[in-house]
1. From 57, 65, which residue is within 23 Å of residue 88 (Cα to Cα) and out of contact with any helix residue (DSSP H, G or I) (no Cβ under 9 Å at 6 or more places or on another chain)?
2. Here's a check for you: in segment 50-70, which residue that is in a loop (DSSP other than H, G, I, E, B) and more than 30 Å from residue 7 (Cβ to Cβ) is farthest from the chain's Cα centre (by Cα)?
3. Take the residues in segment 71-113 that are buried (at least 17 other Cβ atoms within 10 Å of the Cβ) and part of a loop (DSSP other than H, G, I, E, B), then tell me which one is farthest from the chain's Cα centre (by Cα).
4. Among the residues of segment 114-130, which ones are assigned to a loop (DSSP other than H, G, I, E, B) and either within 20 Å of residue 161 (Cα to Cα) or in contact (Cβ under 8 Å) with a residue 12 or more places away in the chain (or both)?
5. Look at residue 113 and say whether it is under 27 Å from residue 149 (Cα atoms), out of contact with any helix residue (DSSP H, G or I) (no Cβ under 9 Å at 6 or more places or on another chain) and modelled with pLDDT of 95 or more.
């Protein structure tokens, strides 16, 4: 399974870029799945819904299914957060998995940077970052720099890196 992480600090444009990349790859016949890491408690369920009531009553897992999609909610409780590998193992086979977040996990990553960003560059000291996607020039970069405003160029880099048929 080809796995590429899109990492960067908050509000750097990761989600917008990933959405564009998914569209580009899908148009080219490359199947894509994503994993998005959430740092805080999140919920895809809503009070008053049957599935919410099931979870609230103590169900360990709740699977909501329809003719169009299904979602599995698994309660961790006070347990340890599963590793990225565990989540990857749950996915159906695809050509490419794009991971948003997990910036400290060892997998191939591209870092998104914005001009004026005060946070430190992630690529400094992380050999798993193989390119930077930026909205400003980085002439002294030791790794490729891709234009943030050109998602097709980023998609091309990823396709070439993983030798995906496009």
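1. None of the other options fit; the residue is 65.
2. 57
3. So, considering only residues that are buried (at least 17 other Cβ atoms within 10 Å of the Cβ) and part of a loop (DSSP other than H, G, I, E, B), the one farthest from the chain's Cα centre (by Cα) is 95.
4. Within segment 114-130, 114, 115, 117, 119, 122, 123, 126, 127, 128 qualify.
5. yes
Every residue, every condition in (1) in contact (Cβ under 8 Å) with a residue 12 or more places away in the chain; (2) loosely packed, with under 11 Cβ neighbours inside 10 Å; (3) not in a loop (DSSP other than H, G, I, E, B), yes or no:
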{"residue": "7", "(1), (2), (3)": "yes, no, yes"}
{"residue": "12", "(1), (2), (3)": "yes, no, no"}
{"residue": "15", "(1), (2), (3)": "yes, no, yes"}
{"residue": "21", "(1), (2), (3)": "yes, no, yes"}
{"residue": "25", "(1), (2), (3)": "yes, no, yes"}
{"residue": "41", "(1), (2), (3)": "no, yes, no"}
{"residue": "48", "(1), (2), (3)": "no, yes, no"}
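The values are calculated or read from the model by the stated rules, or taken from the named source; none is laboratory data. These figures come from a predicted structure and were not determined experimentally. Cβ atoms come from the backbone with ideal geometry, glycine included; neighbour counts cover every protein chain shown.
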